[in-house]
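Some notes on the structure that comes next.
The values are calculated or read from the model by the stated rules, or taken from the named source; none is laboratory data. As the structure is a prediction and not an experimental result, all values here were calculated from the model. Glycine gets a Cβ as well: all are built from the backbone with ideal geometry, and neighbour counts include every protein chain shown.
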Amino acid sequence: MIDLSINFGGIKSPNPFWLASAPPTNSGYQIMKAFEAGWGGAVWKTLGVPVVNVSSRYGSVNYRDTRMMGFNNIELITDRPLEDNLREIEEVKKYFPDHAVIASLMVESRAEWEQIIKDVENAGADGIELNFGCPHGMCERGMGSAVGQEPEVLKTIVEWVKEASNIPVITKLSPNISHITDPGLAAVQGGTDSISLINTIKSIVGIDLDSYAPLPVVDGKGTNGGYCGPAVKPIAMHMIKDLAQHPEISKVPISGIGGVETWRDVVEFILLGATSVQVCTAVMHYGFGIVREMEAGLRQFMEEKNYSTIYDFAGKALPNVTEWKHLNLKHKVVAEINKEKCIGCDLCYIACDDGAHQAIALPIDLNNRIPSIIEENCVGCNLCALVCPVEDCITMVQRDDGSEHVTWNERTLNDDIPVTFNDDRAGGKGHFVPAPTDALKK
Amino acid sequence: MAEYKRPTSEEEFKKNFKQKNPLMNDTQAYYESSRCLFCYDAPCIKACPTGIDIPLFIKQIHTDNITGASKTIFDSNWLGNACGVVCPTGVLCEGACVYNHQDVPPIQIGRLQNYATNKSIESNKKLFKAGEANGKKVAIIGAGPAGIACACELRVFGFEVDIYEAKEKPSGLTVHGIAPYKITNEEVLKEVKYLQDQLGFEIKYNSSIDTKEKIKELESNYNAIFIGVGLGKTATLGLEGEEKNGVVGAVEFIEELRMKHHLVKVPKRVVVIGGGNTAMDAASESARMGARKTVLAYRRSKEDMGAYKFEYDLAISAGVDSLFNVTPLEIIGNGKVEGVKFAKTQVVDGELKTDMNNVFTVKCDMVIKATGQAKQGHLYELIDDLQLDSKTRIKIDEETFHTSNLKYFAGGDAINGGAEVVNAAYDGKMAAHGIYKWLIND
């Protein structure tokens, strides 16, 4: 029997699918609709000081036929009156007592923090999320990422909040920082119950070629926005990993945010240690119904792997995420082309020849377009397999027998650091490198 | 089986001759162009007789550089717009698309090409201009695809160019001989005007070159002459009854249809004799004009037909019936066609034999002969030392398109005996290079 429910640092939710604090959580109407659709929790669009917004707020990066591969916004926190939001929180909780309703907050002074915490507790919120991440607009007023980028300030505010609140506190981190563990540790030291990340990344998604202004354009000008969507997922995963592997920070649960759209994304985030995921862009693109695919896929995965709760596999990839110096230098893979499947686009050839190690040859017969691997030149970089448009046509095959295991770390310890270029995988030593003038013959 | 009602208005004609390759809209072009793999040394380029850099123009369409795409196309093929819709792309570029090897529909290259060039033509975007005058004059006989292409290229080189056209419209078979569901007259004429407006060459209509005097005049007034006269009228079969009322040549039938549309009266029963692409067109057109029964009769088997399979399929889908292994013996009727007497044929020891014991009659009111066109031999006789091959095709130097009479160059159907518009466009362009080499650069 699969049980998707979670207890996230004291916040209970029927499943790990939460809406991130963003336009989809702007109102009780949207959140009730989302809960009806299957979402387990929602982080209310940030409540705080009064703001005004601009018109023209979102920009996107499209890639080939995919719209909104990356997305950014210059919208601020909620512009709806606090009392309206509080009333709606109360109403949502009345209809959905078992779902998680978390109030995202952003104010400035200690007195403001104490007051707003009281307000949302009275409204029945199950938890608080501290918005220390918003990288546009609010940071110019000393809030959002302005706090997230200053670990000491962040810690102080977490302390204030913890002192004032009776409900669990999630600290949401900004990725616009060199080491995510700095604010992460500060949050834990300040007493946070859990952490969520990443907030959006400072970005310019495009320049309008007529007005020469960044997108989205507001009357001839633009500003940096917060970047999110599928494009940011790799950055989010790396930061989640950094926190989840940290001995102190990993004591609190992590809610993963950043480009989550499919069940695979959800499983990957959980494998890296997240125990709830927050979604925004996918919903802004496809609506709340997108959760159906996530839930069905997650269940299917758990069934096939025989897991009953997400805690059975949370963090399971972490032991395998290591530093480069611990990788086995004796491991060897080479590319293999399935000639039956190959359609002759020769993208692997040109990618390897121009972009990698000149390890793929074209047949001499011009009517035959099936390339072949020059095995002595193949360093096993994967590029050909990555560019191949045919499923399972190019595979990477292990060539070492697995008996040898040497890492850079071990070599360092054994005082075996090379003093000459003697890597037998290197161009010019382990395999041939064409002469510069060979380029002119082609 | 008749599928079409006789068209009685231009509206109904357009409905029956619905464009086979309709103009793509922006969204279609966006998605279709996104599918291109950008193959290395792409097979589609090699399959294009004019060698258009297809992956480049598709990428340009996708990145919203439609003008650039159009330039890429016209750079290789002056009739790029017409070719986009009239080319047998299934056996050329699209037939070579690597997606075919994966059972994925190939990129709709022709329609994308037409999409790009159509935008430039519609917006009258100037992409080319005539070169600085080089003081030499070239006459072109025939304003078909070969002549137009030759004229454009010559103008870029700075030649003064006059085209002598026997008919009152340019474009030769593109406007007179191609099935109306492949391209409209307006579209063909627009492209020629578009090119003419940019490059400035003159077309003298109703100016057939048919006497020795006219030839002598051209020879004394011009430095070189390009022959792009295509083919002539439908060849005579030498059948008994061929002169009867209701026996027409396919070329003449199609030409009348292209010019008069719904005003052409096609009777109830039609027999089309032939197995080439023109026969398929004529049969398909007769069915679309409301003939109750159209029978295609070919003397060999279905597999032996010269027509492309997709052309045959198109005729069949228009409701055409077919008879294979039959040869016409006589056209019967009292002054007016009443039927065709056929005999069955069979191949014995590689030779086609007529079985006179197996003779039957197909009743009809019209016979369309699609058994090939006569060559323009009467013209060739007027030119001194013009060597022809055994099939009355002008012999040329394959690199320069120079004929045996050094004043003359030739291309298109006049040298290949009847091929595609794209072949003629290529010949015309290459002949211009031959002329440039001969008159300027040697």
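Examine the stretch A:373-381 for a residue that is crowded, with 20+ Cβ neighbours inside 10 Å and within 14 Å of chain B (Cβ to nearest Cβ), and state whether such a residue exists. Checked the stretch A:373-381: no residue is crowded, with 20+ Cβ neighbours inside 10 Å and within 14 Å of chain B (Cβ to nearest Cβ). The residue pairs whose first member lies in the stretch A:64-81 and is within 19 Å of A:V218 (Cβ to Cβ) and more than 14 Å from chain B (Cβ to nearest Cβ), whose second member is part of a loop (DSSP other than H, G, I, E, B) and among the charged types (D, E, K, R), and whose beta carbons are closer than 7 Å, counting only pairs six or more residues apart or on different chains, are A:N73/A:R57; A:I74/A:R57; A:E75/A:R57. Quick one: in the stretch A:352-362, of everything that is among the hydrophobic types (A, V, I, L, M, F, W, C) and away from chain B (no Cβ under 12 Å), which residue is surrounded by the most Cβ atoms within 10 Å (Cβ to Cβ)? Ranking the qualifying residues of the stretch A:352-362, first place goes to A:A359.
Does A:A123 satisfy the condition of being in the same structural domain as A:P183 (by TED's automatic domain parsing), more than 26 Å from A:A186 (Cβ to Cβ) and surrounded by 22 or more Cβ atoms within 10 Å (Cβ to Cβ)?
Values: in the same structural domain as A:P183 (by TED's automatic domain parsing): yes; more than 26 Å from A:A186 (Cβ to Cβ): yes; surrounded by 22 or more Cβ atoms within 10 Å (Cβ to Cβ): yes.
It is true that A:A123 is in the same structural domain as A:P183 (by TED's automatic domain parsing), more than 26 Å from A:A186 (Cβ to Cβ) and surrounded by 22 or more Cβ atoms within 10 Å (Cβ to Cβ).
Restricting the search to strands (runs of 3 or more DSSP E) fully inside the stretch A:223-335 and requiring at least 2 residues that are among the aliphatic types (A, V, I, L, M) and out of contact with any Cys (no Cβ under 9 Å at 6 or more places or on another chain) gives A:274-279.
Within the stretch A:117-146, the residues that satisfy the criterion of being of a type in the set (A, V, I, L, M) and either touching a residue at least 40 places away in the same chain (Cβ under 8 Å) or more than 14 Å from A:N85 (Cα to Cα) (or both) are A:I117, A:V120, A:A125, A:I128, A:L130, A:M138, A:M143, A:A146.
Residue-wise test of (1) under 19 Å from A:G190 (Cβ atoms); (2) surrounded by fewer than 24 Cβ atoms within 10 Å (Cβ to Cβ); (3) in the same structural domain as A:N199 (by TED's automatic domain parsing).
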{"position": "A:R110", "(1), (2), (3)": "yes, yes, yes"}
{"position": "A:F132", "(1), (2), (3)": "yes, no, yes"}
{"position": "A:P135", "(1), (2), (3)": "no, no, yes"}
{"position": "A:S145", "(1), (2), (3)": "yes, no, yes"}
{"position": "A:G148", "(1), (2), (3)": "yes, no, yes"}
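Within the group A:Y307, A:Y349, which residue is within 14 Å of chain B (Cβ to nearest Cβ) and among the aromatic types (F, W, Y)? Result: A:Y349 is the single residue among A:Y307, A:Y349 that is within 14 Å of chain B (Cβ to nearest Cβ) and among the aromatic types (F, W, Y).
Within the stretch A:162-187, if we keep just the residues that are outside any loop (DSSP other than H, G, I, E, B) and surrounded by fewer than 23 Cβ atoms within 10 Å (Cβ to Cβ), the residue that is nearest to the chain's Cα centre (by Cα) turns out to be A:T181.
Considered as a group, the residues in the stretch A:312-346 that are touching a strand residue (DSSP E or B) at 6+ places or on another chain (Cβ under 9 Å) and among the acidic types (D, E) include one that is farthest from the other protein chains (Cβ to nearest Cβ), and that residue is A:E336. Taking the stretch B:320-330 on its own, how many of its residues are among the hydrophobic types (A, V, I, L, M, F, W, C) and either assigned to a loop (DSSP other than H, G, I, E, B) or under 19 Å from B:A291 (Cα atoms) (or both)? Qualifying residue count, the stretch B:320-330: 3. Among residues that are touching a strand residue (DSSP E or B) at 6+ places or on another chain (Cβ under 7 Å) and under 21 Å from A:G259 (Cα atoms), A:K162 is not included. Taking the criterion of being touching a Lys or Arg at 6+ places or on another chain (Cβ under 6 Å), crowded, with 19+ Cβ neighbours inside 10 Å and either among the basic types (K, R) or under 19 Å from B:V188 (Cβ atoms) (or both), the only residue of the stretch B:251-275 that qualifies is B:R269. Filtering A:P418, A:P434 for residues that are over 36 Å from the mean Cα position of the chain (by Cα), more than 14 Å from chain B (Cβ to nearest Cβ), part of a loop (DSSP other than H, G, I, E, B) and under 23 Å from A:I337 (Cα atoms) leaves a single hit, A:P434. Tally the residues that are within 13 Å of chain A (Cβ to nearest Cβ) and either more than 21 Å from B:K71 (Cβ to Cβ) or not in a helix (DSSP H, G or I) (or both), restricting the search to the stretch B:2-31. The total comes to 3.
Look at B:F38 and say whether it is surrounded by fewer than 23 Cβ atoms within 10 Å (Cβ to Cβ), touching a Cys at 6+ places or on another chain (Cβ under 9 Å) and aromatic (F, W, Y). Here the answer is yes, as B:F38 does meet what is asked. Might you check whether a residue that is over 13 Å from B:D41 (Cβ atoms) and acidic (D, E) occurs anywhere in the stretch A:346-354? Scanning the stretch A:346-354, I find no residue that is over 13 Å from B:D41 (Cβ atoms) and acidic (D, E), so the answer is no.
Looking at the stretch B:32-55, can you tell me whether even one residue there is part of a loop (DSSP other than H, G, I, E, B), closer than 23 Å to A:D346 by Cα and among the aromatic types (F, W, Y)? It would help to see each step written out before you state the result.
Here is the first cut: in the stretch B:32-55, the residues part of a loop (DSSP other than H, G, I, E, B) are B:35-42, B:48-53.
Okay, now just the ones that are also closer than 23 Å to A:D346 by Cα, so B:35-42, B:48-53.
Restricting the remaining residues to those that are among the aromatic types (F, W, Y) gives B:38, B:40.
Yes, the stretch B:32-55 contains a residue that is part of a loop (DSSP other than H, G, I, E, B), closer than 23 Å to A:D346 by Cα and among the aromatic types (F, W, Y).
Checking every residue in the stretch A:220-233 against the condition of being under 27 Å from A:V260 (Cα atoms) and free of Cβ contacts under 8 Å to residues at least 60 places away in the same chain gives at least one match. Within the set A:P97, A:P135, the sole residue that is more than 22 Å from the chain's Cα centre (by Cα) and part of a loop (DSSP other than H, G, I, E, B) turns out to be A:P97. If you go through the stretch B:81-104 one residue at a time, do you hit one that is polar (S, T, N, Q) and surrounded by 24 or more Cβ atoms within 10 Å (Cβ to Cβ)? Yes.
When A:S21, A:S56 are checked against the criterion of being hydroxyl-bearing (S, T, Y), over 22 Å from the mean Cα position of the chain (by Cα) and either within 14 Å of chain B (Cβ to nearest Cβ) or not in a strand (DSSP E or B) (or both), a single residue qualifies: A:S56.
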